[in-house]
């Protein structure tokens, strides 16, 4: 579980070993955000990295977006890039210890980065952080669970983690992934009871 440490991720950013970084909001999440109409939703992006999703939401008028990451490097880069983002909405720390209540949690690259032994903890943490009828939306990888990060998984595995906490569970293959990830991503949309 060493890769869960702040030191591990900080070193990756310092040495530019950030192959997961698209340099922009991912298409599946962008297209989901584009159909949202309530700009006051309280949104959390865990393991936000460089925060492109948060930047996109902020630029499109969403006023209550929060980001959290273990590593200060990407958060500092985000602050430099998005200078008018509310500083009190930028959280440095452990997602599993974070407190708050959110309408929407956006999953981009955190779930695939944590030790697979923590996946059930992730589902439980998301459940705790979401308000009733809150949603977990985002992208999970569809390839075998091998050494990582990133770690893959299967639809069946993901269903086992999330079914206990969500009354509506949709896990479908992404039709709008970027070319290198085509046929390798699921879009998830889960609604808490």
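Per-residue answers, yes or no, for (1) touching a strand residue (DSSP E or B) at 6+ places or on another chain (Cβ under 8 Å); (2) surrounded by fewer than 18 Cβ atoms within 10 Å (Cβ to Cβ):
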| residue | (1), (2) |
| --- | --- |
| 116 | yes, yes |
| 138 | yes, no |
| 142 | yes, no |
| 148 | no, yes |
| 174 | yes, no |
| 180 | no, yes |
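Exactly one condition in (1) under 17 Å from the mean Cα position of the chain (by Cα); (2) at pLDDT 95 or above; (3) farther than 21 Å from residue 28 by Cβ; (4) surrounded by fewer than 19 Cβ atoms within 10 Å (Cβ to Cβ) is false for residue 129; which is it?
(4)
Taking the residues in segment 182-193 that are in contact with a strand residue (DSSP E or B) (Cβ under 6 Å, 6 or more places away or on another chain) and surrounded by fewer than 18 Cβ atoms within 10 Å (Cβ to Cβ) as candidates, determine which candidate is farthest from residue 111 (Cα to Cα).
Filtering segment 182-193 for residues that are in contact with a strand residue (DSSP E or B) (Cβ under 6 Å, 6 or more places away or on another chain) and surrounded by fewer than 18 Cβ atoms within 10 Å (Cβ to Cβ), the one farthest from residue 111 (Cα to Cα) comes out as 193.
Inside segment 1-51, can you point out the residues that are at pLDDT below 85, more than 16 Å from residue 150 (Cβ to Cβ), touching a helix residue (DSSP H, G or I) at 6+ places or on another chain (Cβ under 8 Å) and assigned to a loop (DSSP other than H, G, I, E, B)?
23, 24
If I ask for residues that are closer than 20 Å to residue 112 by Cβ and either in contact (Cβ under 8 Å) with a residue 40 or more places away in the chain or out of contact with any strand residue (DSSP E or B) (no Cβ under 9 Å at 6 or more places or on another chain) (or both), which ones from segment 57-75 would you list?
Once the filter is applied, which keeps residues that are closer than 20 Å to residue 112 by Cβ and either in contact (Cβ under 8 Å) with a residue 40 or more places away in the chain or out of contact with any strand residue (DSSP E or B) (no Cβ under 9 Å at 6 or more places or on another chain) (or both), segment 57-75 yields 69, 70, 71, 73, 74.
The values are calculated or read from the model by the stated rules, or taken from the named source; none is laboratory data. Computed from a prediction, not measured in an experiment: that's the story for all the values here. Cβ coordinates were reconstructed from backbone atoms using ideal geometry, including for glycine residues, and neighbour counts include every protein chain displayed.
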